[in-house]
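Coordinate-derived values only; no laboratory data. Everything quoted here is computed from the prediction, not taken from an experiment. Methodologically, a virtual Cβ is constructed for each residue, glycine included, from the backbone with ideal geometry; neighbour enumeration extends over all protein chains shown.
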Number of protein chains: 2
Amino acid sequence: MENKFQKNDLREVDYSSSGNDFNTLYGLSSGVEEAILLTINKKNRQGLIKLVAPLHPADQADMIERLSVEKLNSFLNLLGKALDPEVLVYLDHNVQEKVIDFIGTKALARAIPELHSDDAIEILEELEEKDRNVVIKQLPKANRILVEEALSFPESSAGRLMQREFLAFPENWTVGQTIEHMRTQPQDEEENFYSIYIIDPGHRLLGVISLSKLLSAKTQIKLNDLMQINPRSVHVETDQEEVALLFQQYGLVNMPVIDLADRLLGVIIVDDIVDVINEEVEEDLQGLAGVSDFSIRSSFIETAKGRFSWLILNMFTAILASSVIGLFQEEIEKLVALAVLMPIVASMGGNAGTQTVTVAVRALATRQLDYSNLQKFVLKETWVGLINGIIFSFLSVLLAYLWFGDKQIAIIMGLAMIANLLFAGILGTLIPLTLEKFKIDPAISSSVFLTTATDVIGFFTFLGLSALVIL
Amino acid sequence: MENKFQKNDLREVDYSSSGNDFNTLYGLSSGVEEAILLTINKKNRQGLIKLVAPLHPADQADMIERLSVEKLNSFLNLLGKALDPEVLVYLDHNVQEKVIDFIGTKALARAIPELHSDDAIEILEELEEKDRNVVIKQLPKANRILVEEALSFPESSAGRLMQREFLAFPENWTVGQTIEHMRTQPQDEEENFYSIYIIDPGHRLLGVISLSKLLSAKTQIKLNDLMQINPRSVHVETDQEEVALLFQQYGLVNMPVIDLADRLLGVIIVDDIVDVINEEVEEDLQGLAGVSDFSIRSSFIETAKGRFSWLILNMFTAILASSVIGLFQEEIEKLVALAVLMPIVASMGGNAGTQTVTVAVRALATRQLDYSNLQKFVLKETWVGLINGIIFSFLSVLLAYLWFGDKQIAIIMGLAMIANLLFAGILGTLIPLTLEKFKIDPAISSSVFLTTATDVIGFFTFLGLSALVIL
């Protein structure tokens, strides 16, 4: 067994305290961090292992993420095979790549069988295809088959999220028999089971019993008298976003995954769903803010590139808006107050529209908004746009008059403000709803369309009205 | 017991199927919804109960949220005491208020003891103080004491999130004895337990055993030989955001809550943490998009009011930016191309800065960004701002020259673009970090400061340079 990653006995020790601050509850205190850095500098292998081993793998991963490239290499060199494979699971994608490059595919292939099947897949699917194939080839046969099957399911599907380890029993077993059987099985400390599943001889899912129910039942009761029939389950190809919504809707801790023939394939556990929720939220934020990556560990070049693609899009839309201004150069030359006031109209429209878009995107993502209340929502946002449009129209009239002492320009600004806030409300709902209808993610593209529209409408109504009335 | 809300037997029936779409997995299909509407119209009480009872309380809540005010009143009238108290927990705050107004405080006081303690608190803390006191007075004594204690903990603390129902045993009990004891206890279907806790005679928390570990252990083993000592726990006054971070960091399903004397007070379950994560994310989104409420059920007036306060703030900042333009009216009059190009400079700066702010806010919220990598992050964002500044500077020079055929104005626009994107990168990190330092939530206020700064800088550099060089 010398090839195996060393599992350490100190794992259960815990530095958590009862203080009130996250930093004191969090395993990796700054004291521990400094001590680890010291052992790295001193190349003290035993000292390092003694400090690292008691940390939760998630905390070890955080430690690794904080190391510079050189320190990381010394750290991995010193630790060698004492590196807990579980740590890989918790690493930020960018750092994970670096660590895997360093330890090599051979060590990775030794680490994979130590992991839960869902964690193994999460690491493998991030690898480049070439490396992935090399690693898969080196896996023990049983692992290889499971991994290849999991990778055959669509990306971001239930099949990729599920763990293959679960407890399933025939319906005619008794509670006593089941517990007896569990007692004879070798125990993996890390295994997380919260329910047992009842299956028929064809491996089809019949029911579920929570462990708390199993524990408090009389031993002679048969599982099929205790089980909840038709438990909530998802098909293996269901998208992870749908799965996450079901977990949230019903407050689930785990959920069985089945194939088209109702055969039980695996179980999804809530901790992976928490990650999915965070991913989905970041996807929404990405589109709204024009960011392509939330990892602060990604390299400077990658970050600049990701931002660039959004900025160039913004450049085009800004040019479009400015070309509207270009149509009215003559008017601006005659009445330069227009140039001073026009950004206020555009900015208010953009902000009001972003408010509506954000609420719509969030409501679509959480399935609060659907066919049943769509009309009501559009109507409400239109009213909100109109009422705020009227209020800000008054304020704008006042502002423009006090600033430039020109009644006409003041009234025109007021009219443009109403128009822009009203359109912001209407478009702020219609743009995301239309994108959703055409299966384009509204989170990603709504705000670009929206701010372009409010800029164009703001400039056009304000300058256009001025051209008509004043000049 | 005629005063009690009727618990229904049909609850376990489940409409879930193995289809691929959320709508088919989701309990409240449009068929069921239509059938329910029909029974409401026909005032068919038995029919309504038959349709509603098998639905999960979360689905019943969704159904209620979709009803108009009149339909809602008929629905509640028809259902009467057959309304499952659990439904209240899942309702959107705005609708919850309406339902509680309708059923009255007396019915609410009857419903509270039926709920998990954490759910009961969640409902009570949303009530106005007067109503809350009326309800609390009507509660049975045991419930009243628990509720009053829970409400004495700070808002959004672990003490408000925890459920008081948990299983705790002395350390010298054996596994067999523990399971035997559990079997003699009356079982509540809905109770969710995933671990048992080991306490000393002073009720101090000594250790934890997961149910799966308990089930597979030999019956004669003593709990103190099986338990994990020093389990992760939080103090009752710890903020829910910290608690959620710990759940995410360590992939927890439940966590014990203790007081300063280490006494076990309750348990927090992951389904409540999922809600907290969503709440915290919405708080971040609120500030970035300037929205004060994500509920699409809030009234038109409330919505307009919430939006107004953000828009008025934006109005002031827009005026500030425009007053910079006001300083250069003479220049614009002479060279109207400036008025056409200036919004492009400001817009690019605003967008680049929002990208950085969003990443910084998210990284602070998820604790990815801290003292250890702060400097690195600021430096990276500065570089990203500079490199994209250079690229867009070239593009701007080209654009301005092609559009207006003026070399000087083209070069000035290029310079203003670099300056604005560079400052956007620097301020996009420094603003949220400074706010965080002064304990102001960076999510709420960063983007206002940022866009004001990029507007002012954009207009000032572009128009100021033009004034210096050209005119």
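Tabulated results
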| item | result |
| --- | --- |
| Equivalent ellipsoid semi-axes - Cα gyration tensor, the stretch B:168-269, angstrom | 24, 15, 13 |
| Reachable lysines from A:Lys437, criterion Cα separation under 19 angstrom, eight or more residues apart if same chain | A:Lys376 |
| Helix-only CD estimate at 222 nm, as mean residue ellipticity for chain B, using -39500 (n - 2.57) per DSSP H run (n ≥ 4) | -21000 deg cm²/dmol |
| The stretch A:168-269: antiparallel DSSP beta bridges as a percent of all, rounded to 5 | 75 percent |
| Set of lysines with alpha-carbon distance to A:Lys334 below 18 Å, sequence-local pairs under 8 removed | A:Lys407, B:Lys334 |
| The stretch A:231-275 pair-distance distribution - Cα-Cα, 10 Å bins, rounded % | 30, 60, 10 |
| Under 5 Å, built H, 5+ apart or other chain: amide partners of B:Leu265 | B:Val257, B:Ile258, B:Asp259 |
| Inter-centroid distance (Cα atoms) of the stretch B:245-282 relative to the stretch A:302-379, Å | 39 Å |
| P(r) weight above 26 Å for the stretch B:299-469, C-alpha pairs, percent | 36 percent |
| Mean separation of Cα contacts under 8 Å (6+ apart) over length of chain B, as relative contact order % | 11 percent |
| Share, in percent, of DSSP beta bridges within chain A that are antiparallel, nearest 5 | 75 percent |
| Under the Debye formula (equal points on every Cα, no solvent term), log10 I(q)/I(0) of the stretch B:342-432 at q = 0.25 Å⁻¹ | -1.11 |
| Radius of gyration and Dmax over the Cα atoms of chain A, both given in Å | 29.6, 94 |
| All-pairs alpha carbon distance profile, the stretch B:9-152, 10 Å steps from 0, percent | 11, 40, 31, 15, 3 |
| Rg(Cα) / (2.2 N^0.38 Å) computed for the protein assembly as shown, rounded to two decimals | 1.02 |
| Among the listed pairs B:Lys106/B:Lys141; A:Lys43/A:Lys106; A:Lys71/A:Lys98, those beyond 21 Å (Cα-Cα) | A:Lys43/A:Lys106 |
| Candidate aspartates and glutamates for bridging to A:Lys218, where Cα separation is under 12 Å - those fewer than 8 sequence places away on the same chain excluded | B:Glu180 |
| Pairwise FRET efficiency - B:Lys305 versus B:Lys439, Cβ, R0 = 30 Å, nearest 0.05 | 0.65 |
| Computed label-point distance, nm, for sites B:Lys141 and A:Glu171 using a 7 Å Cα→Cβ extension | 4.9 nm |
| For the stretch A:64-104, the fraction of alpha-carbon pairs in successive 10 Å shells from zero, as % | 30, 66, 4 |
| Antiparallel DSSP beta bridges within the protein assembly as shown, percent to nearest 5 | 75 percent |
| Pairwise label distance in nanometres, A:Asp370 with B:Lys71, each label 7 Å out on the Cα-Cβ vector | 1.3 nm |
| B:Ser152 paired with B:Lys334, simple spin-label distance in nm, labels 7 Å along Cα-to-beta-carbon | 7.5 nm |
| q = 0.12, 0.13, 0.20 Å⁻¹: log10 I(q)/I(0) that the Debye formula gives for the stretch A:91-219, counting C-alpha atoms only | -0.60, -0.67, -1.15 |
